[in-house]
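The values are calculated or read from the model by the stated rules, or taken from the named source; none is laboratory data. Bear in mind the structure is a predicted one, so any value in this text is a computation, not a measurement. All Cβ positions, even for glycine, are placed from backbone atoms using ideal geometry, and neighbour counts span all protein chains on display.
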Amino acid sequence: MMMLDILEWTGTICGIAGATLIASNVRLSPWGWWLFLASSVVLSLYGLLIGAYGIMLLNLCFVMTNLLGLVRVWIPYMRSRTAMAADFSGQEAG
């Protein structure tokens, strides 16, 4: 039972933290997608282990939407940060 409790609460806490981070609309908000992904993967496993296939299916669908969020939000965010860092270092050299 201990492992199930860990899975349940890890998924819950990651989901709450991810939602809070994304909803806060701050510089680090795109990292909330990784927390959402972790939450969905863990809760999918939890649903499988307890035989709650509805919860498992729901969270597997959330995995897909979280991956979409990573592609559409996190990757462009990281690219823009890398570009800004390159521009900044280029300005210092010139």
Candidates TRP34, TRP74 - the one that is on the phi < 0 side of the Ramachandran plot, at pLDDT 95 or above and among the aromatic types (Phe, Trp, Tyr): TRP34
Helices (runs of 4 or more DSSP H) contained entirely in segment 24-94, each with at least 1 residues that are hydrophobic (A, V, I, L, M, F, W, C) and crowded, with 16+ Cβ neighbours inside 10 Å: 32-50, 53-69
Pairs with Cβ under 8 Å, 6+ apart, first in segment 46-61 and within 16 Å of TRP9 (Cβ to Cβ), second among the β-branched types (Val, Ile, Thr): TYR46/ILE55; GLY47/ILE55; ASN59/VAL41
